[in-house]
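Colleague: Can you read through this structure? Questions will come right after.
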Amino acid sequence: MDDHVVGLESVSRHYGDAIAVADVSLGVERGELICLLGPSGCGKTTTLRMVAGFVEPTSGAVQINGQDMTGQPPYRRDTGMVFQSYALFPHMTVAENIAFGLENLNWTRADRDQRVSEMLKLVELPHLAARLPSQLSGGQQQRVALARALAMRPAVLLLDEPFSNLDAQLRVRMREELREVIRSVDVTTLFVTHDQEEALTMSDRIVVMNRGRIEQIGTPGDIYERPESAFVAQFIGWCSMLEGVVDQEGAFISKSGLRLPGKWKAGPGSAVIRPEHILLSADGAAGLSREGRVVESHYYGGATRIILDVNGEQLMMQERFPFGRHPKPGEKLNVTLKMDEIRVIGSASPCSADRQVLEGEQPRNPSKR
Ligand SMILES: Nc1ncnc2c1ncn2[C@@H]1O[C@H](COP(=O)(O)OP(=O)(O)O)[C@@H](O)[C@H]1O
Ligand SMILES: [Mg+2]
(Lines give C-alpha, C1' and ligand atoms only; values in the text may rest on other atoms or scores of the structure.)
(Ligands and ions follow the chains in the order given, each with its own letter.)
Protein backbone atom coordinates (compact mmCIF):
# COMPACT_ATOMS: atom_id res chain seq x y z
CA MET A 1 0.00 0.00 0.00
CA ASP A 2 3.04 2.23 -0.31
CA ASP A 3 1.58 4.35 -3.05
CA HIS A 4 -1.48 5.24 -0.97
CA VAL A 5 -1.61 8.48 0.99
CA VAL A 6 -3.51 6.66 3.74
CA GLY A 7 -3.35 2.92 4.23
CA LEU A 8 -5.33 0.96 6.80
CA GLU A 9 -4.23 -2.65 7.17
CA SER A 10 -6.64 -4.91 9.07
CA VAL A 11 -7.23 -2.21 11.63
CA SER A 12 -9.34 -3.11 14.68
CA ARG A 13 -10.19 -1.24 17.84
CA HIS A 14 -11.71 -2.88 20.89
CA TYR A 15 -13.06 -1.24 24.05
CA GLY A 16 -13.18 -4.05 26.60
CA ASP A 17 -15.48 -6.62 25.03
CA ALA A 18 -16.98 -4.11 22.61
CA ILE A 19 -15.60 -4.01 19.10
CA ALA A 20 -15.78 -0.49 17.68
CA VAL A 21 -13.86 -1.24 14.47
CA ALA A 22 -13.17 -4.72 13.10
CA ASP A 23 -10.59 -5.61 10.49
CA VAL A 24 -10.83 -2.51 8.33
CA SER A 25 -8.51 -2.36 5.31
CA LEU A 26 -8.50 0.60 2.97
CA GLY A 27 -6.15 2.46 0.67
CA VAL A 28 -6.79 6.12 -0.11
CA GLU A 29 -5.23 7.47 -3.27
CA ARG A 30 -3.66 10.88 -3.71
CA GLY A 31 -6.24 13.61 -4.16
CA GLU A 32 -9.13 11.27 -3.50
CA LEU A 33 -12.18 12.24 -1.43
CA ILE A 34 -13.36 9.19 0.43
CA CYS A 35 -16.38 9.10 2.65
CA LEU A 36 -16.98 6.71 5.54
CA LEU A 37 -20.74 6.22 5.59
CA GLY A 38 -22.85 4.23 8.00
CA PRO A 39 -25.39 4.43 10.83
CA SER A 40 -24.56 5.93 14.18
CA GLY A 41 -22.24 3.69 16.21
CA CYS A 42 -20.80 1.77 13.24
CA GLY A 43 -17.22 2.88 13.93
CA LYS A 44 -16.72 5.85 11.59
CA THR A 45 -15.34 8.30 14.15
CA THR A 46 -13.09 5.66 15.70
CA THR A 47 -11.65 4.85 12.26
CA LEU A 48 -11.00 8.54 11.53
CA ARG A 49 -9.40 9.06 14.95
CA MET A 50 -7.08 6.13 14.36
CA VAL A 51 -5.87 7.86 11.19
CA ALA A 52 -5.45 11.14 13.08
CA GLY A 53 -3.66 9.44 15.95
CA PHE A 54 -6.13 10.29 18.73
CA VAL A 55 -6.92 6.58 19.10
CA GLU A 56 -4.45 3.71 18.66
CA PRO A 57 -5.62 0.50 16.96
CA THR A 58 -5.88 -2.63 19.10
CA SER A 59 -4.43 -4.46 16.13
CA GLY A 60 -3.48 -3.65 12.56
CA ALA A 61 -1.55 -0.68 11.23
CA VAL A 62 -2.15 2.81 9.88
CA GLN A 63 0.17 4.21 7.24
CA ILE A 64 0.41 7.76 5.99
CA ASN A 65 2.52 8.49 2.93
CA GLY A 66 3.81 4.93 3.16
CA GLN A 67 5.10 5.36 6.73
CA ASP A 68 3.89 3.24 9.62
CA MET A 69 2.22 5.59 12.10
CA THR A 70 2.08 3.24 15.08
CA GLY A 71 2.82 5.25 18.23
CA GLN A 72 3.07 8.56 16.38
CA PRO A 73 1.20 11.44 18.04
CA PRO A 74 -1.36 13.42 16.00
CA TYR A 75 0.96 16.36 15.29
CA ARG A 76 3.48 14.04 13.66
CA ARG A 77 0.99 12.57 11.18
CA ASP A 78 0.62 15.26 8.52
CA THR A 79 -3.15 15.36 8.94
CA GLY A 80 -5.57 18.24 9.50
CA MET A 81 -8.80 17.51 11.33
CA VAL A 82 -12.17 19.23 11.39
CA PHE A 83 -14.11 18.03 14.41
CA GLN A 84 -17.87 17.57 14.57
CA SER A 85 -18.11 20.44 17.07
CA TYR A 86 -15.41 22.50 15.23
CA ALA A 87 -13.43 22.82 18.50
CA LEU A 88 -12.41 26.42 17.81
CA PHE A 89 -10.59 28.23 20.63
CA PRO A 90 -13.24 30.61 21.99
CA HIS A 91 -10.81 33.24 23.30
CA MET A 92 -8.88 33.50 20.02
CA THR A 93 -9.86 35.48 16.97
CA VAL A 94 -10.54 33.84 13.64
CA ALA A 95 -7.02 34.71 12.44
CA GLU A 96 -5.46 33.39 15.66
CA ASN A 97 -7.41 30.16 15.38
CA ILE A 98 -6.17 29.63 11.85
CA ALA A 99 -2.59 30.48 12.84
CA PHE A 100 -2.64 28.15 15.84
CA GLY A 101 -0.86 25.18 14.26
CA LEU A 102 1.65 27.46 12.58
CA GLU A 103 2.85 29.01 15.84
CA ASN A 104 5.15 26.11 16.62
CA LEU A 105 6.84 26.19 13.26
CA ASN A 106 9.87 28.43 12.97
CA TRP A 107 8.21 30.71 10.50
CA THR A 108 8.63 34.46 10.33
CA ARG A 109 5.67 36.52 11.37
CA ALA A 110 5.27 37.66 7.76
CA ASP A 111 5.11 34.10 6.42
CA ARG A 112 2.55 33.18 9.03
CA ASP A 113 0.38 36.20 8.28
CA GLN A 114 0.66 35.42 4.61
CA ARG A 115 -0.59 31.85 5.11
CA VAL A 116 -3.45 33.00 7.34
CA SER A 117 -4.65 35.52 4.81
CA GLU A 118 -4.36 32.92 2.06
CA MET A 119 -6.56 30.56 4.13
CA LEU A 120 -9.05 33.33 4.93
CA LYS A 121 -9.35 34.01 1.24
CA LEU A 122 -9.80 30.32 0.47
CA VAL A 123 -12.83 30.10 2.76
CA GLU A 124 -14.04 33.59 1.87
CA LEU A 125 -13.76 35.12 5.32
CA PRO A 126 -11.07 37.85 5.03
CA HIS A 127 -13.46 40.44 6.47
CA LEU A 128 -13.97 38.44 9.69
CA ALA A 129 -10.32 37.88 10.67
CA ALA A 130 -10.65 39.82 13.92
CA ARG A 131 -13.89 38.27 15.15
CA LEU A 132 -14.21 35.75 17.94
CA PRO A 133 -15.87 32.38 17.19
CA SER A 134 -18.89 33.37 19.29
CA GLN A 135 -19.50 36.24 16.84
CA LEU A 136 -19.79 33.88 13.88
CA SER A 137 -22.64 31.85 12.41
CA GLY A 138 -22.42 28.07 12.36
CA GLY A 139 -21.42 28.01 8.71
CA GLN A 140 -18.69 30.61 9.30
CA GLN A 141 -17.32 28.66 12.26
CA GLN A 142 -17.20 25.60 10.10
CA ARG A 143 -15.17 27.46 7.49
CA VAL A 144 -12.71 28.67 10.14
CA ALA A 145 -12.26 25.08 11.34
CA LEU A 146 -11.60 24.05 7.74
CA ALA A 147 -9.10 26.88 7.23
CA ARG A 148 -7.32 25.92 10.44
CA ALA A 149 -7.11 22.29 9.34
CA LEU A 150 -5.74 23.25 5.92
CA ALA A 151 -3.30 25.93 7.10
CA MET A 152 -0.49 23.41 7.62
CA ARG A 153 -1.06 22.03 4.11
CA PRO A 154 -1.56 18.53 5.50
CA ALA A 155 -1.25 15.45 3.30
CA VAL A 156 -4.63 14.33 4.56
CA LEU A 157 -7.72 16.29 5.55
CA LEU A 158 -10.00 14.52 8.03
CA LEU A 159 -13.57 15.66 8.62
CA ASP A 160 -15.99 14.18 11.13
CA GLU A 161 -19.62 14.99 10.29
CA PRO A 162 -18.68 18.60 9.52
CA PHE A 163 -22.23 19.67 8.68
CA SER A 164 -24.12 18.11 11.56
CA ASN A 165 -24.59 21.44 13.34
CA LEU A 166 -25.96 23.28 10.32
CA ASP A 167 -29.55 23.58 9.18
CA ALA A 168 -30.68 21.64 6.10
CA GLN A 169 -30.34 24.39 3.48
CA LEU A 170 -26.97 25.61 4.69
CA ARG A 171 -25.78 22.03 4.78
CA VAL A 172 -26.35 21.62 1.06
CA ARG A 173 -24.60 24.91 0.29
CA MET A 174 -21.66 24.14 2.57
CA ARG A 175 -21.04 20.75 1.04
CA GLU A 176 -20.77 22.29 -2.40
CA GLU A 177 -18.42 24.89 -0.99
CA LEU A 178 -16.33 22.31 0.81
CA ARG A 179 -16.05 20.16 -2.32
CA GLU A 180 -14.87 23.25 -4.18
CA VAL A 181 -12.22 24.15 -1.57
CA ILE A 182 -10.96 20.56 -1.41
CA ARG A 183 -10.66 20.49 -5.18
CA SER A 184 -8.82 23.78 -5.35
CA VAL A 185 -6.17 22.73 -2.81
CA ASP A 186 -6.19 19.14 -4.08
CA VAL A 187 -5.90 17.56 -0.64
CA THR A 188 -6.54 13.87 0.00
CA THR A 189 -9.65 13.73 2.18
CA LEU A 190 -11.36 11.29 4.50
CA PHE A 191 -14.82 12.40 5.41
CA VAL A 192 -17.26 10.87 7.91
CA THR A 193 -21.02 11.12 7.58
CA HIS A 194 -24.18 9.18 8.30
CA ASP A 195 -25.96 11.16 5.55
CA GLN A 196 -26.21 9.15 2.35
CA GLU A 197 -26.97 12.18 0.19
CA GLU A 198 -23.82 13.91 1.44
CA ALA A 199 -21.81 10.79 0.65
CA LEU A 200 -23.33 10.34 -2.80
CA THR A 201 -22.86 13.95 -3.89
CA MET A 202 -19.38 14.58 -2.48
CA SER A 203 -17.31 11.42 -2.71
CA ASP A 204 -15.01 9.87 -5.26
CA ARG A 205 -15.50 6.63 -3.36
CA ILE A 206 -17.75 5.61 -0.49
CA VAL A 207 -16.85 3.14 2.23
CA VAL A 208 -20.08 1.79 3.71
CA MET A 209 -19.61 0.64 7.31
CA ASN A 210 -21.85 -1.49 9.49
CA ARG A 211 -21.08 -2.71 13.00
CA GLY A 212 -17.42 -1.85 12.79
CA ARG A 213 -16.87 -3.56 9.45
CA ILE A 214 -16.69 -2.46 5.85
CA GLU A 215 -19.74 -3.65 3.92
CA GLN A 216 -18.73 -2.27 0.54
CA ILE A 217 -16.30 0.14 -1.08
CA GLY A 218 -17.14 1.75 -4.39
CA THR A 219 -17.99 4.85 -6.36
CA PRO A 220 -21.33 6.48 -5.55
CA GLY A 221 -22.70 4.79 -8.69
CA ASP A 222 -21.45 1.36 -7.58
CA ILE A 223 -22.88 1.76 -4.12
CA TYR A 224 -26.30 2.94 -5.24
CA GLU A 225 -26.77 0.89 -8.38
CA ARG A 226 -24.75 -2.23 -7.54
CA PRO A 227 -25.21 -2.81 -3.81
CA GLU A 228 -23.58 -6.07 -2.77
CA SER A 229 -25.53 -6.61 0.43
CA ALA A 230 -29.01 -6.05 1.73
CA PHE A 231 -27.60 -3.62 4.25
CA VAL A 232 -26.04 -1.40 1.59
CA ALA A 233 -29.15 -1.52 -0.59
CA GLN A 234 -31.35 -0.44 2.29
CA PHE A 235 -29.05 2.10 3.85
CA ILE A 236 -28.44 4.03 0.64
CA GLY A 237 -31.53 5.37 -1.03
CA TRP A 238 -35.04 4.03 -0.85
CA CYS A 239 -35.75 0.52 -1.99
CA SER A 240 -38.17 -2.33 -1.73
CA MET A 241 -36.41 -5.52 -0.73
CA LEU A 242 -38.13 -8.76 -1.63
CA GLU A 243 -37.06 -12.04 -0.07
CA GLY A 244 -37.20 -15.10 -2.31
CA VAL A 245 -35.27 -17.59 -4.40
CA VAL A 246 -33.79 -17.75 -7.86
CA ASP A 247 -35.03 -20.86 -9.68
CA GLN A 248 -33.14 -23.12 -12.10
CA GLU A 249 -34.06 -20.89 -15.04
CA GLY A 250 -32.54 -17.86 -13.34
CA ALA A 251 -35.83 -16.13 -12.51
CA PHE A 252 -36.42 -14.62 -9.09
CA ILE A 253 -39.57 -15.79 -7.29
CA SER A 254 -40.57 -13.73 -4.27
CA LYS A 255 -42.15 -15.24 -1.16
CA SER A 256 -45.59 -14.18 -2.28
CA GLY A 257 -45.01 -15.52 -5.79
CA LEU A 258 -44.06 -12.42 -7.82
CA ARG A 259 -41.86 -13.75 -10.63
CA LEU A 260 -39.10 -11.58 -12.07
CA PRO A 261 -37.54 -13.18 -15.14
CA GLY A 262 -33.75 -12.87 -15.35
CA LYS A 263 -30.49 -14.73 -15.38
CA TRP A 264 -29.52 -14.72 -11.75
CA LYS A 265 -27.64 -17.42 -9.90
CA ALA A 266 -29.92 -20.14 -8.45
CA GLY A 267 -30.42 -20.05 -4.67
CA PRO A 268 -31.91 -17.79 -2.03
CA GLY A 269 -31.68 -14.07 -2.68
CA SER A 270 -33.23 -10.65 -2.27
CA ALA A 271 -34.47 -8.49 -5.11
CA VAL A 272 -33.68 -4.79 -4.77
CA ILE A 273 -36.27 -2.62 -6.46
CA ARG A 274 -35.75 1.13 -6.33
CA PRO A 275 -38.63 3.56 -6.87
CA GLU A 276 -37.16 4.57 -10.23
CA HIS A 277 -37.29 0.97 -11.44
CA ILE A 278 -41.09 1.18 -11.53
CA LEU A 279 -42.75 3.29 -14.19
CA LEU A 280 -46.34 3.83 -15.26
CA SER A 281 -47.04 1.55 -18.25
CA ALA A 282 -48.88 4.40 -19.91
CA ASP A 283 -45.52 6.10 -20.34
CA GLY A 284 -44.53 3.36 -22.79
CA ALA A 285 -41.58 1.97 -20.86
CA ALA A 286 -40.06 -1.39 -21.78
CA GLY A 287 -39.97 -4.11 -19.13
CA LEU A 288 -42.24 -6.38 -17.17
CA SER A 289 -45.86 -5.18 -17.07
CA ARG A 290 -47.96 -5.81 -14.00
CA GLU A 291 -51.11 -4.48 -12.40
CA GLY A 292 -50.78 -3.10 -8.89
CA ARG A 293 -53.14 -1.79 -6.22
CA VAL A 294 -52.31 1.42 -4.40
CA VAL A 295 -51.84 0.75 -0.68
CA GLU A 296 -50.48 4.15 0.36
CA SER A 297 -50.14 7.41 -1.49
CA HIS A 298 -48.13 10.35 -0.15
CA TYR A 299 -47.96 13.69 -1.92
CA TYR A 300 -44.51 15.31 -1.65
CA GLY A 301 -45.06 18.28 -3.95
CA GLY A 302 -42.65 17.39 -6.73
CA ALA A 303 -43.76 13.77 -6.77
CA THR A 304 -46.12 11.30 -5.14
CA ARG A 305 -44.64 8.35 -3.31
CA ILE A 306 -46.78 5.28 -3.63
CA ILE A 307 -46.74 1.88 -1.98
CA LEU A 308 -48.11 -0.48 -4.57
CA ASP A 309 -49.24 -4.05 -3.98
CA VAL A 310 -48.05 -6.19 -6.88
CA ASN A 311 -48.72 -9.91 -6.53
CA GLY A 312 -48.79 -9.57 -2.74
CA GLU A 313 -45.49 -7.69 -2.59
CA GLN A 314 -45.38 -4.06 -1.50
CA LEU A 315 -43.28 -1.97 -3.85
CA MET A 316 -42.43 1.68 -3.49
CA MET A 317 -42.62 3.90 -6.52
CA GLN A 318 -42.46 7.61 -7.15
CA GLU A 319 -44.27 9.47 -9.89
CA ARG A 320 -45.42 12.91 -10.78
CA PHE A 321 -49.14 12.92 -11.55
CA PRO A 322 -51.15 15.70 -13.21
CA PHE A 323 -52.75 18.20 -10.82
CA GLY A 324 -55.50 16.64 -8.71
CA ARG A 325 -54.97 13.22 -10.23
CA HIS A 326 -52.70 11.49 -7.80
CA PRO A 327 -54.00 8.02 -7.00
CA LYS A 328 -55.81 7.06 -3.82
CA PRO A 329 -55.51 3.83 -1.86
CA GLY A 330 -57.43 1.03 -3.55
CA GLU A 331 -56.94 2.35 -7.09
CA LYS A 332 -55.37 0.12 -9.73
CA LEU A 333 -52.22 1.17 -11.62
CA ASN A 334 -50.55 -0.54 -14.56
CA VAL A 335 -46.82 -0.41 -14.05
CA THR A 336 -43.70 -1.56 -15.82
CA LEU A 337 -40.73 -2.96 -13.91
CA LYS A 338 -37.40 -2.08 -15.51
CA MET A 339 -35.93 -5.56 -15.32
CA ASP A 340 -32.51 -4.60 -16.62
CA GLU A 341 -31.95 -2.38 -13.55
CA ILE A 342 -33.41 -4.54 -10.81
CA ARG A 343 -30.81 -6.54 -8.90
CA VAL A 344 -30.90 -9.76 -6.95
CA ILE A 345 -28.30 -10.06 -4.23
CA GLY A 346 -27.24 -12.95 -1.99
CA SER A 347 -28.97 -13.80 1.24
CA ALA A 348 -30.01 -10.83 3.35
CA SER A 349 -28.49 -9.90 6.69
CA PRO A 350 -31.63 -9.05 8.64
CA CYS A 351 -29.78 -8.13 11.81
CA SER A 352 -28.11 -5.17 10.10
CA ALA A 353 -31.41 -3.95 8.76
CA ASP A 354 -33.02 -4.27 12.19
CA ARG A 355 -30.21 -2.29 13.75
CA GLN A 356 -30.76 0.50 11.30
CA VAL A 357 -34.36 0.78 12.43
CA LEU A 358 -33.44 0.55 16.10
CA GLU A 359 -31.15 3.51 15.77
CA GLY A 360 -33.92 5.78 14.62
CA GLU A 361 -33.30 5.70 10.89
CA GLN A 362 -36.46 5.67 8.84
CA PRO A 363 -37.22 2.17 7.61
CA ARG A 364 -36.73 2.33 3.88
CA ASN A 365 -38.11 -1.03 3.00
CA PRO A 366 -41.88 -0.74 2.65
CA SER A 367 -42.34 -4.51 2.54
CA LYS A 368 -41.01 -4.76 6.08
CA ARG A 369 -43.38 -2.33 7.74
N1 LIG B 1 -13.91 5.68 24.14
C2 LIG B 1 -14.80 4.69 23.97
N3 LIG B 1 -15.08 3.82 24.96
C4 LIG B 1 -15.97 2.82 24.79
N5 LIG B 1 -16.67 2.62 23.66
C6 LIG B 1 -16.46 3.46 22.62
C7 LIG B 1 -15.52 4.54 22.73
N8 LIG B 1 -15.51 5.19 21.53
C9 LIG B 1 -16.41 4.56 20.75
N10 LIG B 1 -16.97 3.52 21.40
C11 LIG B 1 -18.00 2.61 20.86
O12 LIG B 1 -17.56 2.15 19.61
C13 LIG B 1 -18.63 2.11 18.67
C14 LIG B 1 -18.29 2.96 17.48
O15 LIG B 1 -18.27 4.31 17.84
P16 LIG B 1 -17.99 5.49 16.82
O17 LIG B 1 -16.72 5.21 16.13
O18 LIG B 1 -18.07 6.76 17.58
O19 LIG B 1 -19.19 5.35 15.81
P20 LIG B 1 -19.79 6.40 14.75
O21 LIG B 1 -18.83 7.53 14.60
O22 LIG B 1 -19.97 5.59 13.51
O23 LIG B 1 -21.11 6.83 15.30
C24 LIG B 1 -19.86 2.56 19.43
O25 LIG B 1 -20.56 1.43 19.86
C26 LIG B 1 -19.29 3.34 20.58
O27 LIG B 1 -20.15 3.30 21.67
MG1 LIG C 1 -19.19 9.56 14.87
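The values are calculated or read from the model by the stated rules, or taken from the named source; none is laboratory data. Everything numeric here is computed off the predicted structure, so don't read it as measured data. Because the Cβ atoms are built from the backbone with ideal geometry, glycine has one as well, and the counts that use them run over all protein chains shown. All accessible areas refer to the heavy atoms of the entire protein, side chains included, with ligands and DNA or RNA removed. Shrake-Rupley method; radii C 1.70, N 1.55, O 1.52, S 1.80 Å.
Colleague: Please count how many residues of region 186-216 are away from ligand 1 (no atom under 16 Å from the Cβ), in contact with a Lys or Arg (Cβ under 9 Å, 6 or more places away or on another chain) and among the aliphatic types (A, V, I, L, M).
Modeller: Qualifying residue count, region 186-216: 2.
Colleague: Now a separate question. Hey, among 60, 31, which residue is in the same structural domain as residue 219 (by TED's automatic domain parsing), away from ligand 1 (no atom under 16 Å from the Cβ) and either assigned to a loop (DSSP other than H, G, I, E, B) or closer than 16 Å to residue 13 by Cα (or both)?
Modeller: 31
Colleague: Continuing with this model, one more query. Can you tell me which of 175, 259, 226 is buried (at least 20 other Cβ atoms within 10 Å of the Cβ) and either aromatic (Phe, Trp, Tyr) or away from ligand 2 (no atom under 16 Å from the Cβ) (or both)?
Modeller: Answer to the check: 175.
Colleague: Moving on. Does residue 88 qualify as being open to solvent by less than 60 Å² (accessible area, probe 1.4 Å), in contact (Cβ under 8 Å) with a residue 24 or more places away in the chain, more than 16 Å from ligand 2 (Cβ to nearest atom) and not in a loop (DSSP other than H, G, I, E, B)? Let's see the steps before the verdict.
Modeller: Values: open to solvent by less than 60 Å² (accessible area, probe 1.4 Å): yes; in contact (Cβ under 8 Å) with a residue 24 or more places away in the chain: yes; more than 16 Å from ligand 2 (Cβ to nearest atom): yes; not in a loop (DSSP other than H, G, I, E, B): no.
When the stated conditions are applied, residue 88 does not pass them.
Colleague: At pLDDT 95 or above and touching a Cys at 6+ places or on another chain (Cβ under 7 Å), is that true of residue 335?
Modeller: no
Colleague: Any residue that is surrounded by fewer than 17 Cβ atoms within 10 Å (Cβ to Cβ), more than 27 Å from residue 46 (Cα to Cα) and assigned by TED's automatic domain parsing to the domain that holds residue 46 - is there at least one of those in region 140-163?
Modeller: No, that holds for no residue.
Colleague: Residue 203 - would you say it is crowded, with 19+ Cβ neighbours inside 10 Å and modelled with pLDDT of 95 or more? Spell out the reasoning first.
Modeller: Values: crowded, with 19+ Cβ neighbours inside 10 Å: yes; modelled with pLDDT of 95 or more: yes.
The answer is yes for residue 203.
Colleague: Tally up the residues in region 163-177 that are out of contact with any helix residue (DSSP H, G or I) (no Cβ under 7 Å at 6 or more places or on another chain) and either under 19 Å from residue 122 (Cβ atoms) or part of a helix (DSSP H, G or I) (or both), please.
Modeller: The number of residues fulfilling the criteria is 7.
Colleague: What residue, of 32, 56, is surrounded by fewer than 22 Cβ atoms within 10 Å (Cβ to Cβ) and either closer than 24 Å to residue 232 by Cα or of a type in the set (Gly, Ala, Ser) (or both)? It would help to see each step written out before you state the result.
Modeller: Details: 56 fails: either closer than 24 Å to residue 232 by Cα or of a type in the set (Gly, Ala, Ser) (or both).
Being surrounded by fewer than 22 Cβ atoms within 10 Å (Cβ to Cβ) and either closer than 24 Å to residue 232 by Cα or of a type in the set (Gly, Ala, Ser) (or both) holds for just one of 32, 56, which is 32.
A quick yes/no check of all residues on (1) in a strand (DSSP E or B); (2) open to solvent by 40 Å² or more (accessible area, probe 1.4 Å):
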| position | (1), (2) |
| --- | --- |
| 245 | yes, yes |
| 253 | yes, yes |
| 286 | no, yes |
| 301 | no, no |
| 322 | no, yes |
| 325 | no, yes |
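Colleague: Name the residue, out of 232, 185, that is in contact (Cβ under 8 Å) with a residue 12 or more places away in the chain and under 26 Å from residue 153 (Cβ atoms).
Modeller: Going through 232, 185 in turn, the sole match is 185.
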